[in-house]
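Engineer: Take this structure, written in structure tokens, and hold onto it; I'll ask about it next.
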Amino acid sequence: MDIAALRHDTPGCANRVHLNNAGAGLLSRRTLDAMTSHLELEARIGGYEAAGQQLEALEATYAGIAELVGGRADEVALFDNSTHAWNAAFYALDFTAGDRILTGRAEYGSNVLAYLQIARRTGAEVVVVPNDVHGQLDTTALANLIDERTKLVGVSHIPTGGGLVNPAAEIGRITRRAGVPFLLDATQSVGQLPVDVEEIGCDMLTATGRKFLRGPRGIGFLWVRTEALAYLEPHVAETAAAIWDGKRGFAWREGAKRFGTWEMSCSNVLGLDAAVRQALELGLDAIGERAVKLGAQLRERLDELPGVGTYDLGRERCAIVTAKIEGVATEEVAATLARNGVNVTTTVPEQTQFDTEDRGVHPLVRLSPHYYNTEEEIDRAVEVIAESARTSARSDAPTDAPTAARTATA
């Protein structure tokens, strides 16, 4: 990769050290131009007319996403965010009393709330699969828990609150053998690591544009394996999803578009397409190798600092790094980094419910470099955190409560 050229093509690199790619990656000039040029077209000739003029480019977005995840264009539906995409897949399943939903401790907060709602509404049971000694989902335990009552296995590939990469392909092998639907939340992995739905073996996958794909906010997608359409009934019917039969009935549209909606931001769709194309051109193997390398360097550097610890679990880890300074409130660490021009965020206990139950370590500072970041930017973030730790050692700063010791590490 020509990192200097990539940074020159990323306006935000001139202003900040952006280590919040797990929140929202920086737009490239290419993506920004695709979006703004369409908005200018809408302003000149009208929204409907602009969409009609760009129909071929809009449709090409589905093919780009399919290439990105290893599926087909007719297996892709677009949404205004990944949570709505995930909900479209999850609520398309028909749960009844006694059904079981198996998930992991790393599951994302909104997904957990949906599980709990369905459990309360239908009498289904939510079963949390334990972690193994590395802190990732225990696949042996998963295989033993699956039985005739299991209606779904839902897993976050990478959690919002740490650098863990769950063993998705092994989970897929287990669910395929058992004939159980597998819904993979790939919000933090698509764009950061190579993701192949055939290799993984999931039946449904959701992702967003705004994170490691470096696309705009307000766009996400759902991939659905064609065979899964036989047991999925979309929760919402509208003109983009269904066809009126001329009387008092309707038929679902072919493929995954039956889950989508008619109205969407065309500029966001074209921005997503530009970001996907750029990722494909750079190569997900190369992107993943550099991103993971930067994350490992950051994690190693932080672990060397007195009074600083990292909290990432799993045998395999990604570019997301979570940390805490002994004696310093997490929000203050994030604020100090922001004052020094370093973008980070913090984990939220309410968005990592099952992990919070298990470890009780949140909130943590979350740093997430990407391929366009530099080693010098990693050094800058470490310097700021090191100074915060030194200051804490000389004072009586308030602490987060409660603070638990780290658990499993590889």
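Every read-out reported here was derived from the displayed coordinates using simple, explicitly stated rules and does not represent laboratory data. Just so we're clear, the structure is a prediction, and the values are computed from it rather than from any experiment. Every residue, glycine as well, gets a Cβ built from its backbone with ideal geometry; the counts of neighbours run over all protein chains shown.
Engineer: For the stretch 239-249, what does the Karplus curve 6.51 cos²θ - 1.76 cosθ + 1.60, with θ = phi - 60°, yield as ³J(HN,Hα) per residue in whole Hz, taken in order and with x for Gly and Pro?
Structural biologist: 5, 6, 9, 9, 10, 5, 8, x, 10, 10, x
Engineer: Mind telling me which of P130, P349, P306 comes out most flexible in a GNM of the chain, alpha-carbon contacts under 10 Å?
Structural biologist: Of P130, P349, P306, the most mobile in the Gaussian network model is P306.
Engineer: Provide the FRET efficiency to the nearest 0.05 for the R16-R176 pair, computing r from the beta carbons and using R0 = 51 Å. Before the final figure, lay out the partial values.
Structural biologist: Values: r = 44 Å, r/R0 = 0.86.
About 0.70, to the nearest 0.05.
Engineer: At what distance in nm do the modelled label points of T391 and E238 sit from each other, each positioned 7 Å from its Cα along Cα→Cβ?
Structural biologist: Here the modelled spin labels are 4.7 nm apart.
Engineer: Specify the inter-centroid distance of the stretch 241-260 and the stretch 88-112, based on alpha-carbon positions, in whole Å.
Structural biologist: So the two Cα centres are separated by 25 Å.
Engineer: Using θ = phi - 60° and the Karplus relation 6.51 cos²θ - 1.76 cosθ + 1.60, list the HN-Hα couplings for the stretch 196-209 in order, rounded to whole Hz, with x at every Gly or Pro.
Structural biologist: 10, 5, 6, 5, 6, x, 6, 9, 9, 9, 10, 7, 10, x
Engineer: In addition: Please label the shape of the stretch 237-370 as rounded, prolate or oblate, based on the square roots a ≥ b ≥ c of the eigenvalues of the alpha-carbon gyration tensor (a/c under 1.5 means rounded; beyond that, a/b larger than b/c means prolate, else oblate). Walk me through the intermediate numbers first.
Structural biologist: Working: a/c = 2.77, a/b = 2.04, b/c = 1.36.
Judged from the Cα gyration tensor, the stretch 237-370 comes out prolate (a/c at least 1.5, a/b above b/c).
Engineer: Let me ask you something else. What number, rounded to the nearest 500 deg cm²/dmol, is the helix-based mean residue ellipticity at 222 nm of the chain, given -39500 (n - 2.57) per DSSP H run of at least four residues and division by all its residues?
Structural biologist: One gets -12000 deg cm²/dmol as the mean residue ellipticity at 222 nm.
Engineer: I've got another one for you. List the residues of the stretch 363-379 whose backbone N lies under 19 Å from a point placed 7 Å from the Cα of A5 along the Cα-to-Cβ direction.
Structural biologist: It comes to 371-374, nothing else.
Engineer: Sticking with this one: Going through the cross-link list K151/K293; K293/K324; K151/K211; K151/K247; K151/K257, which pairs have a Cα-Cα distance over 27 Å in this structure?
Structural biologist: On the way: K151/K293 38 Å; K293/K324 21 Å; K151/K211 30 Å; K151/K247 34 Å; K151/K257 23 Å.
Pairs exceeding 27 Å: K151/K293; K151/K211; K151/K247.
Engineer: Looking only at R248, R210, R121, which one moves most when the chain is put into a Gaussian network model with springs between Cα atoms under 10 Å?
Structural biologist: R248
Engineer: Using the alpha-carbon centroid of each, what span in Å lies between the stretch 37-74 and the stretch 267-297?
Structural biologist: The distance from the Cα centre of the stretch 37-74 to that of the stretch 267-297 comes to 20 Å.
Engineer: Please build a GNM for the chain, connecting alpha carbons under 10 Å apart, and tell me which residue among M35, M204, M264 fluctuates the most.
Structural biologist: Residue with maximal mean-square fluctuation among M35, M204, M264: M264.
Engineer: If each residue's Cβ is checked for other Cβ atoms within 10 Å, how do D94, D74, D355 rank with the fewest at the top?
Structural biologist: Details: D94 11, D74 16, D355 27.
Least to most surrounded, the residues fall as D94, D74, D355.
Engineer: By how many nm would the segment from E326 to L116 lengthen if fully extended, with 0.36 nm per residue of separation less the alpha-carbon distance?
Structural biologist: Values: separation 210, 0.36 × 210 = 75.60 nm, distance 3.43 nm.
Extending this stretch completely gives an extra 72.2 nm.
Engineer: Let me ask you something else. Taking H as built 1.01 Å from N, whose amide H comes closer than 5 Å to the amide H of N343, not counting residues under 5 places away?
Structural biologist: Here V17, H18, L19 satisfy the definition.
Engineer: Now for a separate question. Mean separation of Cα pairs under 8 Å and 6+ residues apart, divided by the residue count of the stretch 4-95: what relative contact order is that in percent? It would help to have the intermediate numbers written out before the result.
Structural biologist: On the way: 37 pairs, mean separation 11.8, N = 92.
The value is 13 percent.
Engineer: Just the C-alpha atoms of the chain: what Rg/Rh do they give, with Rh taken as the Kirkwood radius? All intermediate terms of the calculation are to be shown ahead of the outcome.
Structural biologist: Details: Rg = 21.8 Å, Rh = 22.1 Å.
Reported Rg/Rh, Kirkwood definition of Rh: 0.98.
Engineer: Turning to a different aspect of this structure: State, as an integer percentage, the relative contact order of the chain based on alpha-carbon contacts under 8 Å between residues 6 or more apart. Could you put the intermediate results ahead of the total?
Structural biologist: Numbers: 837 pairs, mean separation 92.6, N = 410.
Reported relative contact order: 23 percent.
Engineer: Given an 8 Å cut-off on Cα distances and at least 6 residues of separation, report the relative contact order of the stretch 203-247 as a percent.
Structural biologist: Working: 31 pairs, mean separation 14.4, N = 45.
Relative contact order for the stretch 203-247 comes out at 32 percent.
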